[in-house]
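The values are calculated or read from the model by the stated rules, or taken from the named source; none is laboratory data. Because the structure is a prediction, the values reported are computed rather than measured. With ideal geometry, Cβ positions are generated from the backbone for all residues, glycine too; neighbour counts draw on all protein chains shown. SASA here: full protein model, heavy atoms, side chains in, ligands and nucleic acids out. Shrake-Rupley method; radii C 1.70, N 1.55, O 1.52, S 1.80 Å.
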Amino acid sequence: MVSRLTGGFAPVFMKIITFNIAMISYLLASLEYFIYLVYRKPGVSKLATGTVLVGLLSHTVIIGLRSQETGHGPYTTSFEVAIFLSWLVVVVYCFTHWRYKVKDLGSFVIPVAFLILLYATFLSKEIVDFPESEFRVLLTLHRTLSVIGFAAFAIAFGLGVMYLIQEKQVKSKKLGIMYFRMPSLESLDNLIYKAVAVGFPLFTLGFLTGAIWNIKMSQTSLFSWELVKLWPLVIGWVLYGLVFFGRYRMGWRGKKVAQGSVIGFVTVIISIILHV
Amino acid sequence: MAESNLVIVGVNHKTTPVELREKLAFTRGSIEETTEKLGSYPEIDENLIISTCNRVEIYARVNDVEKGIDRLKKFICDYHMIPFNLLDKHFYAFREEETVKHLFRVSASLDSMVVGESQILGQVKDAYSLAKSLQTTGLILNQLFEKAFNVAKKIREETGIAESAVSISSAAVELARKIFEDLESHTVMLVGTGEMAELAAKHLISYGVKTVYVASRTYERATALAKTLNGSALDFEHFKSELHRADIVISSTAAPNFIITKEIVEKAIHERNNRPMFLIDIAVPRDIEPEVNDLENVYLYDIDDLQGVVNANLQEREKEAELAMDIIQAEVGKFNNWIEALDAVPTIVELRKRAEAVRMQEIEKTIKKMPHLSEEDKHNLHLMTSSIINKILHKPTINLKKKTQTTEGRTYLKAIRHLFHLDD
């Protein structure tokens, strides 16, 4: 009886608890970061970071439980990909926060993680087995690379939003409440570039492995794909490409880069919703 | 509040015109020679003089608050040989708790002409260390000033009171630091050699700018200024073609028309591969075409824009000052608690009461068990037990009174209250 309980009731209970803790933590942390942004209370920023870590811990448990249950990594269903995406966004955020100490980035990135997790609650939690195929490693690669690339883009998005807010303030000469909290435009610009320089190659590789997988599995050509599902991805990919390659060749700097990283992220989100 | 007997008498930039203030100033030397005299007055236990260009204040712990204040006022008048009736209306004086609040406000720079300026804290610290070395302060003033420095630090950290720039040249630096990652690797070009431009350039250099170019219609002036700024002079004819080298341009020529047009900057920014440019136009009439600001990655501020930033920052400081006042209120309360705890008498009285209660309780029990005792026996029993209690408590009472004169006093009082459960 006991072993059946731990195998049945307890994991379900754990899943619900951890999922809720993660969601609530991210929501709470988003609010705390926002309060910090507006009211500049140093304690609140630390509190927010702590809250994010609590969320991340629960989130890690969610992924662990799910993988234990399905017997494979979080790669098959939309639900799994969504929780994995959100998890990596937070991991990469924590790294950026620790490494570059950008104040306020959490205000723009953690809500993204929260929204993805919220989106995941509406998806089917059904367990789907990993497709039996000799090319399954391709699918694993495709999803892992794309998801890491996506997380880097999420950071670039947050930085891009910060850039655009600050740029607008300096340009219009109306220096608002966030003025004293943000890093300089040039540092934001450099960080966006770094994030895209990490994200773009990974995302491209993810894209390629996905394409090869698709061809191998469906035995068809690339052009048979539903083009509607692909156009946002292509737009996003081109934008990131411009940010990545255009910096030295075409003078893509500053505002254009920030806009590119914001619009690019939106198109990638749309394409993921359509695709996964 | 327990009586701290703290007072402050002074004049500042709000109450007293500068012609009078300057006559009241104390130099370091005059403090050294007079403070002993001040301490020799029977009314005054501890004293400390702060004298800056905006204020002259004497903080003191006195025997009698009103007499003490009169003494301090007279002292200032006498020392500077100014008739009392001339000066009296300019004086302000605070008593007890208000003294604490006033010092906290002064050292946190809430009472300054430019709220949030950082100089005053250093001046108060200097005055304190001088007084300490002259041994004119004691337990209470020492604690008061140490506390004031903590409060000032806290306010600086927790509010934005000193965060923003409140002069034109510091506003320019502040903006440059919002645009560029670090100023060390960036280049400033001065077009024209106006005084304000020089000031702004010096400010930028103090924040790390290493490369400076100076262009002026008179080449000699360019060379002279370049020399003082450790930069290099440019031929005025050529500065436009060199503009792309500059991250920050400060223009201050006397030219009647725009000398830096949108076209010129467009070319420069293109040559810079769109790396941002910050253009500061402090010339009147203006040197730089306003449409330059429409170019991407180019930020143009003229003198009015900078003044606008300064005004906004000043307003922001006023708002932050309100937050700071909340902190001060709370800290004044904490200081009061400290003063209260310093007072040993209530604790001693309570301790004796507690001992007496125990004695009475035990005596009654004993007498009930021994009904045969005569009145005289009972009386002797009372005498003996009282004497034991007095003997046991005598030394602690003396020591406690002594210790409360030192900084450890509070710890002793706390320990006693805790050991004998006096707070229950």
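Looking at the stretch B:30-48, can you tell me whether even one residue there is at pLDDT below 90, in a loop (DSSP other than H, G, I, E, B), within 23 Å of B:Leu134 (Cβ to Cβ) and among the acidic types (Asp, Glu)? Yes, some residue in the stretch B:30-48 is at pLDDT below 90, in a loop (DSSP other than H, G, I, E, B), within 23 Å of B:Leu134 (Cβ to Cβ) and among the acidic types (Asp, Glu).
Among B:Leu103, B:Leu121, which is at pLDDT 90 or above and either surrounded by fewer than 17 Cβ atoms within 10 Å (Cβ to Cβ) or over 28 Å from B:Lys202 (Cα atoms) (or both)?
Working: B:Leu121 fails: either surrounded by fewer than 17 Cβ atoms within 10 Å (Cβ to Cβ) or over 28 Å from B:Lys202 (Cα atoms) (or both).
None of the other options fit; the residue is B:Leu103.
Going through the stretch B:50-78 one residue at a time, which ones are open to solvent by 10 Å² or more (accessible area, probe 1.4 Å) and in contact with a helix residue (DSSP H, G or I) (Cβ under 6 Å, 6 or more places away or on another chain)? Spell out the reasoning first.
Taking the stretch B:50-78 first, the residues open to solvent by 10 Å² or more (accessible area, probe 1.4 Å) are B:51-54, B:61, B:63-67, B:70-71, B:73-74, B:78.
Correct list: B:Thr52, B:Arg61.
In this structure, B:Ala162 qualifies as under 12 Å from the mean Cα position of the chain (by Cα), of a type outside the set (Asp, Glu) and farther than 27 Å from B:Leu342 by Cβ. Has the stretch A:162-180 got any residue that is among the β-branched types (Val, Ile, Thr) and more than 14 Å from chain B (Cβ to nearest Cβ)? Within the stretch A:162-180, not a single residue is among the β-branched types (Val, Ile, Thr) and more than 14 Å from chain B (Cβ to nearest Cβ). Whether a residue is surrounded by 15 or more Cβ atoms within 10 Å (Cβ to Cβ) and of a type in the set (Gly, Ala, Ser) was assessed, and B:Ala254 does not pass this test.
Take B:Ala93 and decide whether it is in contact (Cβ under 8 Å) with a residue 40 or more places away in the chain, closer than 17 Å to B:Glu146 by Cα and surrounded by fewer than 23 Cβ atoms within 10 Å (Cβ to Cβ).
Values: in contact (Cβ under 8 Å) with a residue 40 or more places away in the chain: yes; closer than 17 Å to B:Glu146 by Cα: no; surrounded by fewer than 23 Cβ atoms within 10 Å (Cβ to Cβ): yes.
No: the conditions fail for B:Ala93.
Could you please find all residues in the stretch B:1-29 being assigned to a helix (DSSP H, G or I) and free of Cβ contacts under 8 Å to residues at least 40 places away in the same chain? Answer for the stretch B:1-29, where residues must be assigned to a helix (DSSP H, G or I) and free of Cβ contacts under 8 Å to residues at least 40 places away in the same chain: B:Val18, B:Glu19, B:Arg21, B:Glu22, B:Gly29. Checking each residue in the stretch A:247-276 for being more than 14 Å from every other protein chain (Cβ to nearest Cβ) and either in contact with a Cys (Cβ under 7 Å, 6 or more places away or on another chain) or buried (at least 19 other Cβ atoms within 10 Å of the Cβ) (or both) picks out A:Ser261, A:Val262, A:Gly264, A:Phe265, A:Thr267, A:Val268, A:Ile269, A:Ser271, A:Ile272.
Does B:Arg217 qualify as being surrounded by fewer than 19 Cβ atoms within 10 Å (Cβ to Cβ) and either closer than 22 Å to B:Lys267 by Cβ or aliphatic (A, V, I, L, M) (or both)? Considered against the rule, which asks whether it is surrounded by fewer than 19 Cβ atoms within 10 Å (Cβ to Cβ) and either closer than 22 Å to B:Lys267 by Cβ or aliphatic (A, V, I, L, M) (or both), B:Arg217 comes out as yes. Picking from residues in the stretch B:279-295 that are among the charged types (D, E, K, R) and open to solvent by 70 Å² or more (accessible area, probe 1.4 Å), the one that is nearest to the other protein chains (Cβ to nearest Cβ) is B:Asp294.
Suppose we filter A:Asp129, A:Asp104 for residues that are acidic (Asp, Glu), open to solvent by less than 20 Å² (accessible area, probe 1.4 Å) and at pLDDT below 85; which single one remains?
Numbers: A:Asp129 fails: open to solvent by less than 20 Å² (accessible area, probe 1.4 Å).
That would be A:Asp104, the only listed residue that is acidic (Asp, Glu), open to solvent by less than 20 Å² (accessible area, probe 1.4 Å) and at pLDDT below 85.
Checking each residue in the stretch A:86-95 for being of a type outside the set (Phe, Trp, Tyr) and open to solvent by 10 Å² or more (accessible area, probe 1.4 Å) picks out A:Leu88, A:Val91, A:Val92, A:Cys94. Is it fair to say B:Leu103 is of a type outside the set (Lys, Arg), under 17 Å from B:Asn5 (Cα atoms), in contact (Cβ under 8 Å) with a residue 60 or more places away in the chain and touching a helix residue (DSSP H, G or I) at 6+ places or on another chain (Cβ under 6 Å)? Yes; evaluated as a whole, the condition is true for this residue.
Close Cβ contacts (under 8 Å, 6 or more residues apart or on different chains) running from residues in the stretch B:298-326 that are under 23 Å from B:Lys154 (Cβ atoms) and within 9 Å of chain A (Cβ to nearest Cβ) to residues that are open to solvent by 20 Å² or more (accessible area, probe 1.4 Å) and of a type in the set (Val, Ile, Thr) comprise B:Asn313/B:Val166.
For the residues B:Glu174, B:Glu163, the requirement of being part of a loop (DSSP other than H, G, I, E, B), closer than 30 Å to B:Leu323 by Cβ and within 14 Å of chain A (Cβ to nearest Cβ) singles out B:Glu163. Given the structure, is B:Ser169 modelled with pLDDT under 90, within 14 Å of another protein chain (Cβ to nearest Cβ) and under 23 Å from B:Val309 (Cα atoms)? It is false that B:Ser169 is modelled with pLDDT under 90, within 14 Å of another protein chain (Cβ to nearest Cβ) and under 23 Å from B:Val309 (Cα atoms). Evaluation of B:His203 against the conditions (1) more than 14 Å from chain A (Cβ to nearest Cβ); (2) touching a strand residue (DSSP E or B) at 6+ places or on another chain (Cβ under 6 Å); (3) of a type outside the set (Lys, Arg) shows that the sole unmet condition is (2). If only residues of the stretch B:261-278 that are farther than 12 Å from B:Glu296 by Cα and of a type in the set (Val, Ile, Thr) are counted, the one that is surrounded by the most Cβ atoms within 10 Å (Cβ to Cβ) is B:Ile264.
When you scan the stretch A:162-172, do you find a residue that is open to solvent by 60 Å² or more (accessible area, probe 1.4 Å) and among the aliphatic types (A, V, I, L, M), even just one?
From the stretch A:162-172, those open to solvent by 60 Å² or more (accessible area, probe 1.4 Å) are A:168; that's our starting set.
In the following step, the residues that additionally are among the aliphatic types (A, V, I, L, M) were identified as none.
No, the stretch A:162-172 contains no residue that is open to solvent by 60 Å² or more (accessible area, probe 1.4 Å) and among the aliphatic types (A, V, I, L, M).
Got at least one residue in the stretch B:346-355 being assigned to a helix (DSSP H, G or I), β-branched (Val, Ile, Thr), modelled with pLDDT of 90 or more and not assigned by TED's automatic domain parsing to the domain that holds B:Val106? No, the stretch B:346-355 contains no residue that is assigned to a helix (DSSP H, G or I), β-branched (Val, Ile, Thr), modelled with pLDDT of 90 or more and not assigned by TED's automatic domain parsing to the domain that holds B:Val106.
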